[in-house]
1. Go through Phe73, Phe135 and list them by solvent-accessible area, largest first, probe radius 1.4 Å.
2. Cut-off 10 angstrom, C-alpha nodes, Gaussian network model of the chain. Which of Asn129, Asn93, Asn147 fluctuates the most?
3. If every alpha-carbon in the chain counts as one equal scatterer, what log10 I(q)/I(0) does Debye give at q = 0.14, 0.17 1/Å?
4. Among all the aspartates and glutamates, which ones have a C-alpha under 17 Å from Lys39's C-alpha, if same-chain residues fewer than 8 places away are not counted?
5. For segment 1-55, what is the per residue volume of the convex hull drawn over the alpha-carbon atoms, in cubic angstrom?
6. Among residues other than Gln95 whose Cβ falls under 15 Å from its Cβ, what is the net charge (Lys/Arg +1, Asp/Glu -1)?
7. Could you work out how much longer the chain between Ala43 and Arg109 gets when fully extended? Use 0.36 nm per residue separation minus the Cα distance between them, nm to one decimal.
8. Which value, to two decimals, describes the C-alpha radius of gyration of segment 37-80 once divided by 2.2 N^0.38 Å?
Amino acid sequence: DVHALLNATPEIAFLMDQHGVILAANEATARAYHTTVQKLLGARVYDLIPPELDLHARTKALEAVDSEAPVRFEMEWKGRFLDHSLYMVKDENQQVTRIAVYVRDITRRKRMEAELQQAEEKYRKIYENATEGIFQSTFEGRMISVNPSFARIHGFDSPDELIRTVTDIGKQLWADPQR
């Protein structure tokens, strides 16, 4: 039963024809559009989304039909980030007749990625602007990264120059290579 299969996932899942007419949908889809599954059947999905998203969604559906390959894309809607996956459903003559659409809410992941990016940017600024010399190296004594202060302390014009020049930290930078 298609309805049971669609309801096996908590994500938005529906089947539409090439014109966007919904042929089957799960309860999660009905909740997302604030309606019932029965009212969704026969409705055009493009009439349910804002006009500014309509063209992008249609374009991706056409891309999927033309390529006959799955298509994934992300859209932001009402402050939510949604990951769409479109899969072609072919008839017995191998003609694309329907499109299976699955939509996952990835808002939490997107927010976490943004927070991580901010934290990395903050760390980078601290690293780059520190007055103390900071470096990272391999166990074998090769520099992986150095901040500008570390390069200046050791008489180099840039971190890149130091990384290119110093191939053995113990022998080239330390006064007592045994340490």
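The values are calculated or read from the model by the stated rules, or taken from the named source; none is laboratory data. This one's a predicted model, so the numbers in the text were calculated from it and none came from an experiment. Methodologically, a virtual Cβ is constructed for each residue, glycine included, from the backbone with ideal geometry; neighbour enumeration extends over all protein chains shown. For the accessible areas, the whole protein counts, side chains as well, though only heavy atoms, and no ligand, DNA or RNA atoms are used. Shrake-Rupley method; radii C 1.70, N 1.55, O 1.52, S 1.80 Å.
1. From most exposed to least exposed: Phe135, Phe73.
2. Among Asn129, Asn93, Asn147, the largest GNM mean-square fluctuation belongs to Asn93.
3. -0.76, -1.02
4. Asp17, Glu27, Asp47
5. So the per-residue hull volume is 77 Å³.
6. Every neighbour counted, the sum reads -3.
7. Separation in residues times 0.36 nm, less the Cα-Cα distance, equals 20.7 nm.
8. 1.29
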